[in-house]
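The values are calculated or read from the model by the stated rules, or taken from the named source; none is laboratory data. Only a predicted model underlies this, so the values are computations on that prediction, with no experimental measurement involved. Neighbour counts are summed over all protein chains in view; Cβ atoms, including those assigned to glycine, are modelled from backbone coordinates with ideal geometry.
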Amino acid sequence: MRRAVGSGLLATGLLLPFIPLLLWAVAGDFRYPAVVPELSGRGLGMIADPAVLDALVTSLTIAGVVAVLAAVIGAGAGRALGLYTFRGRRLVQFLLLAPAIVPTLAVTLGIQVFFIRYGLADSVAGVVLVQLIPTVPYVSLVMASAFANFDVESEDAARVLGAGPLRRLILVTVPAVGPGLVVAALFAFLISWSEYILTLLIGGGVVRTLPLLLFAEIGSADLPAAAALSLVIALPPLLLVALTSRLLTGGTPVAVGMRRL
Amino acid sequence: MSPADDLPEDLGMPRPSTSVDLRVTGLRVAYRRGTTVVDDVDLGVAANTLTALLGPSGCGKTTLLKTVAGLLTPETGDIRIGDTSVLDLPAERRPVGLVFQKPLLFGHLSVGDNIGFGLRMRGVPKPTRRRRAAEMLDLVGLPDMGRRRVSELSGGQEQRVALARAMVLDPKVLLLDEPFSQLDADLRSRMRELLRRLQRELAITTLFVTHDQQEAVEVADAIALMLDGRIEAQGRPADFFTAPATLRAARFFGATNEIPGTLSGTEFCCALGTLRVAAGGRDGSSVLIVRPEALRLGNPAPATSEQPNTVPVTVIDVRYRGTHQSVRLRCPAETILAATVPAALRLEVGEEMALRLLPDSCRVFPAEHRQGEDQPGEVPKRAGQPVAPARTERSHA
């Protein structure tokens with residue numbers, strides 16, 4: 001009973017902000033003292049705009065690639081941090097975490113010059129690269145704790161049983177740290193998905209993701225359009241979390257792993 | 001028996017022709033910073049026998065085992081299984097099975113799939129893998145557990161699955177790295193029996209690493225004692241008690257009574273007088289070693305009839321141990337010896353007794369230079385029977 005009340009409150013808290021958003025998205029004229037707006041398809045119609053669809057594709061692509069790259073890089077860093085003690089371990093740990101502490105704007109302003117010099121500015125590749133800065137630290141942290149619970153001798157055990165390097169990775173290591181890897185990649189996807197400043201600075205307005213469009217609409221004070229876009233931005237992460245939550249709770253291996261984290 | 005002697009050829013067991021021996025020669029393994037962990041090791045495990053590689057922690061036995069498995073690369077030396085050197089084979093293709101201290105089962109696979117993992121690596125089809133896994137589970141006493149999750153197993157069951165996982169590949173040599181050390185005592189002894197039975201039934205040449213002297217004696221056909229990265233002595237378990245090859249081997253096996261003196265022929269001159277000992281020692285400054293349980297304690301003889309190798313002693317401490325008693329005795333010249341006597345023997349502290357040192361149970365070794373190589377920490381405590389080492393207060397002059 002208590003649990004039901006708790007989850008009810010949680011769901012309300014999460015969903016409440018979406019109510020005005022939904023209202024605004026379908027609003028034509030919405031002024032005081034009206035409680036319910038005058039309906040209009042203009043806001044939602046915005047979504048079908050080719051520019052929005054383009055931005056959706058760009059956002060998905062960038063966030064997807066960032067999630068995969070950050071997971072791979074972060075898994076390597078996390079393995080080193082979680083499994084081994086080595087000279088300068090603390091320094092590496094600090095450097096990895098620094099982007100999460102130092103404001104990204106400051107970092108990016110410094111880096112931008114180099115991106116321009118090496119022709120990475122104004123390109124999707126450049127945006128992907130720059131978004132690794134805020135994502136890799138989180139992935140590394142999650143993976144470090146995943147690897148801290150991994151017995152690296154399992155790889156030796158698999159080796160003596162005849163597994164070569166690739167099969168050890170795929171059949172032993174990845175399944176063992178898989179839950180952490182899923183969570184870490186999800187983090188990276190979500191960070192990348194809502195990133196605005198880095199995309200704007202490095203993408204130079206040429207690489208248009210959904211947050212960029214949203215800010216433009218907010219700037220133009222077109223609230224129904226902004227609300228409709230916000231819904232588009234909010235939906236994919238919600239779907240993703242909903243899909244993975246089945247993995248992350250209950251008795252699945254991923255959930256068991258999560259609790260260990 | 002000499003140090004690092006070859007194994008006795010015949011251990012009185014049927015030896016199927018498929019079984020081969022393991023031979024390690026001149027093996028040296030070092031870690032990066034130039035520290036040699038295994039130094040010039042010669043080790044033989046006769047076909048279809050179980051040899052215990054015994055040594056205190058940090059002596060290099062696990063390193064040696066991992067090198068045989070191919071997980072570490074030696075600097076020099078050779079490892080032969082049967083007639084062929086396996087040095088060039090990577091670990092994944094060596095015909096060895098390895099069971100670690102921890103079970104290291106793959107948590108995302110079922111028990112059956114864990115056992116079938118090695119077969120899967122060899123491309124064995126799934127139905128065959130299932131069947132072989134089920135057979136192995138029967139063999140290790142876990143029938144019908146193939147579908148269980150690894151997390152449902154107890155510690156002992158996990159280690160049995162690990163054993164099955166290694167044995168299902170029919171390895172020519174089975175390597176075990178203290179596989180039962182994390183189990184409680186009762187379970188450990190049952191696992192030892194299981195291992196012994198399996199090893200005999202499947203006729204696998206086995207090298208079993210342990211730091212537990214008692215375990216080595218109980219489970220092995222032969223023992224190789226490893227100290228500081230070298231094989232100190234190799235032989236049958238009984239040899240380590242009755243005829244230890246070296247002073248350090250004798251000490252490791254709990255021969256705690258050491259009497260310094262001088263040997264000439266079969267006469268040993270020491271603080272207790274002149275003792276007769278078995279022939280074979282090297283003349284000169286020596287140490288006589290006698291096990292506490294080899295000492296014979298009796299009533300003092302009449303002063304007139306002097307018996308050879310008999311010393312008057314005073315009981316200074318008696319500890320009741322259930323199956324026996326540990327006694328500390330003060331001999332002439334303040335020499336103190338430890339003796340093990342039957343539990344039923346009535347002894348009082350301060351009682352005068354006569355102590356006989358049987359010539360055959362006294363081993364004499366050349367005295368070693370006390371400084372440097374002989375740290376007190378090297379003599380491990382024996383579980384269950386801590387006996388204070390005998391010391392002489394007199395100078396060695």
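Scan the stretch A:95-142 for residues that are surrounded by 16 or more Cβ atoms within 10 Å (Cβ to Cβ) and of a type in the set (Phe, Trp, Tyr) and the total you get is 2. Answer with yes or no whether A:ASP151 is within 14 Å of chain B (Cβ to nearest Cβ) and either touching a strand residue (DSSP E or B) at 6+ places or on another chain (Cβ under 8 Å) or not in a helix (DSSP H, G or I) (or both). In short, yes.
Please indicate, with yes or no, whether at least one residue in the stretch B:115-125 is more than 14 Å from every other protein chain (Cβ to nearest Cβ) and either in a helix (DSSP H, G or I) or touching a strand residue (DSSP E or B) at 6+ places or on another chain (Cβ under 7 Å) (or both).
Looking for residues that are more than 14 Å from every other protein chain (Cβ to nearest Cβ) and either in a helix (DSSP H, G or I) or touching a strand residue (DSSP E or B) at 6+ places or on another chain (Cβ under 7 Å) (or both), one finds none in the stretch B:115-125, hence no.
Across the stretch B:83-114, the number of residues qualifying as buried (at least 18 other Cβ atoms within 10 Å of the Cβ), over 19 Å from B:LEU137 (Cα atoms) and within 8 Å of another protein chain (Cβ to nearest Cβ) comes to 4. Do you know which residues across the stretch B:158-187 are more than 30 Å from B:ILE81 (Cβ to Cβ) and out of contact with any Phe, Trp or Tyr (no Cβ under 8 Å at 6 or more places or on another chain)? Passing the criteria: B:ASP184, B:ALA185, B:ASP186. Residue count for the stretch A:130-167 under the criterion of being farther than 17 Å from A:GLY180 by Cα and in contact (Cβ under 8 Å) with a residue 60 or more places away in the chain: the result is 5.
Look at the stretch A:100-134 and say how many of its residues are among the small types (Gly, Ala, Ser) and part of a helix (DSSP H, G or I).
Result for the stretch A:100-134: 5.
Looking at the structure I just gave you, is B:LEU98 at pLDDT 90 or above and closer than 29 Å to B:VAL45 by Cβ?
It is true that B:LEU98 is at pLDDT 90 or above and closer than 29 Å to B:VAL45 by Cβ.
Condition check for B:ALA133 on (1) surrounded by fewer than 24 Cβ atoms within 10 Å (Cβ to Cβ); (2) more than 10 Å from every other protein chain (Cβ to nearest Cβ): one failure, at (1). Taking the numbered list (1) assigned to a helix (DSSP H, G or I); (2) on the phi > 0 side of the Ramachandran plot in turn, B:GLY141 passes all entries but (1).
Among the residues of the stretch B:155-173, none qualifies, meaning not one is surrounded by fewer than 19 Cβ atoms within 10 Å (Cβ to Cβ) and facing another protein chain (nearest Cβ under 10 Å).
In the stretch A:156-188, what residues are within 13 Å of chain B (Cβ to nearest Cβ) and in contact with a Ser or Thr (Cβ under 6 Å, 6 or more places away or on another chain)? A:VAL172 - this is the single residue of the stretch A:156-188 that is within 13 Å of chain B (Cβ to nearest Cβ) and in contact with a Ser or Thr (Cβ under 6 Å, 6 or more places away or on another chain).
Quick one: which of A:VAL182, A:VAL172, A:VAL207, A:VAL232 is in a helix (DSSP H, G or I), touching a residue at least 60 places away in the same chain (Cβ under 8 Å) and surrounded by 20 or more Cβ atoms within 10 Å (Cβ to Cβ)?
One residue alone meets the criteria, A:VAL232.
Among the residues of the stretch B:160-183, is there at least one that is within 30 Å of B:ALA339 (Cβ to Cβ) and in contact (Cβ under 8 Å) with a residue 60 or more places away in the chain? The answer is no; no qualifying residue exists.
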